[in-house]
Every structure is written in structure tokens, then in C-alpha cells.
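A.B. asks: Sending over a structure as C-alpha cells; questions will come in a sec.
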Amino acid sequence: QVQLVESGGGLVQAGGSLRLSCAASGVNFEFNAMAWYRQAPGKQRELVATITSGFSTNYADSVKGRFTISRDNAKNTVYLQMNSLKPEDTAVYYCNTKKFFRDYWGKGTLVTVSS
């Protein structure tokens, strides 16, 4: 049973910062790549950042230089540090991982950035 639980969302002014957390269970966390996605109302879900089991990271161009993904294998937790937030970052942010080629998702945490 895979469970991903996001937390840390909220309302922030443009230029502010927020750190999201995703607690994972039911997976061999240290061997799994993790990812953050986001979805704004009426828009497609998009990939924001990934981190492999080897701690290699990748970012969407829209967040590069502003967001940082990290993981703590001892805590089975992946983080997304979001700095210099823009109104365009407003979305529900989802944690994602794969197990036996199937995608698993958290229920999401809402980030709202006011201008």
C-alpha cells in the first residue's frame, strides 16, 4: 500500500517562499525516484521537479533557479523548497513516485501566490 502525503501549502505573497513536504510509505523509498507535479485549475498537470535515488535533480524551466527538490531517505520524505514565488506558481502540488511501473500520487497541497 503506497501512500504519499503532501503538506506545507498555503497562501503566500509574490516573492515569498514556501517549503512543501511529502511523506512516503509503502515503497522502498531509498530506491525510488520522486517527483513533484502541479496542476492549476483548467490546466494540464505538469512536472515541476524530479530527484532520483542517486540524488540527481531536474527542474522544469519555469521553476529552475527558484525551486529546489531534496530528499531525506531516513525520514522517507521529499521536499520542495519554493523561493521567489510568482502568481503563475499557484496550483495544487502533487507528490509522485513509481512502483513496478505504476504511478502513485498524493492528494495534493494547494499553493496560492497573491500578486
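The values are calculated or read from the model by the stated rules, or taken from the named source; none is laboratory data. Predicted model only: the values in this text are computed from it and were never measured. Here Cβ is always computed from backbone atoms with ideal geometry, including for glycine, and neighbour counts include all displayed protein chains. Just so you know, the surface numbers come from the protein's heavy atoms only, side chains and all, with ligands and any DNA or RNA stripped out. Shrake-Rupley method; radii C 1.70, N 1.55, O 1.52, S 1.80 Å.
A.B. asks: Would you be able to say whether some residue in segment 70-92 is of a type in the set (Val, Ile, Thr), modelled with pLDDT under 95 and at negative phi?
C.D. replies: Scanning segment 70-92 turns up no residue that is of a type in the set (Val, Ile, Thr), modelled with pLDDT under 95 and at negative phi.
A.B. asks: Next up: I need the full set of residues from segment 89-103 which are within 16 Å of Ile51 (Cβ to Cβ) and hydrophobic (A, V, I, L, M, F, W, C), in order please.
C.D. replies: Scanning segment 89-103 gives a single hit, Cys95.
A.B. asks: Something else: Restricting segment 77-100 to residues that are farther than 14 Å from Val63 by Cβ and surrounded by fewer than 15 Cβ atoms within 10 Å (Cβ to Cβ), which is farthest from the chain's Cα centre (by Cα)?
C.D. replies: Filtering first and then ranking leaves Phe100.
A.B. asks: Being at pLDDT below 95 and either open to solvent by 50 Å² or more (accessible area, probe 1.4 Å) or of a type in the set (A, V, I, L, M, F, W, C) (or both) is the filter here, so list the residues in segment 3-32 that pass it.
C.D. replies: Val27, Asn28, Phe29, Glu30, Phe31
A.B. asks: Determine whether segment 78-100 contains at least one residue that is of a type outside the set (A, V, I, L, M), free of Cβ contacts under 8 Å to residues at least 24 places away in the same chain and part of a helix (DSSP H, G or I).
C.D. replies: Within segment 78-100 (the criterion being of a type outside the set (A, V, I, L, M), free of Cβ contacts under 8 Å to residues at least 24 places away in the same chain and part of a helix (DSSP H, G or I)), the answer is no, since none of the residues qualifies.
A.B. asks: For Ser70, all conditions in the list (1) of a type in the set (Ser, Thr, Tyr); (2) in contact (Cβ under 8 Å) with a residue 60 or more places away in the chain; (3) surrounded by 15 or more Cβ atoms within 10 Å (Cβ to Cβ) hold save one; what is the number of the exception?
C.D. replies: Ser70 satisfies every listed condition except (2).
A.B. asks: Among the residues of segment 101-115, write down those that are touching a residue at least 40 places away in the same chain (Cβ under 8 Å) and not hydroxyl-bearing (Ser, Thr, Tyr).
C.D. replies: Trp105, Gly106, Lys107, Gly108, Leu110, Val111, Val113
A.B. asks: Ok, one more. Return the only residue of Asp103, Asp61 being exposed (fewer than 13 other Cβ atoms within 10 Å of the Cβ) and assigned to a strand (DSSP E or B).
C.D. replies: Asp103
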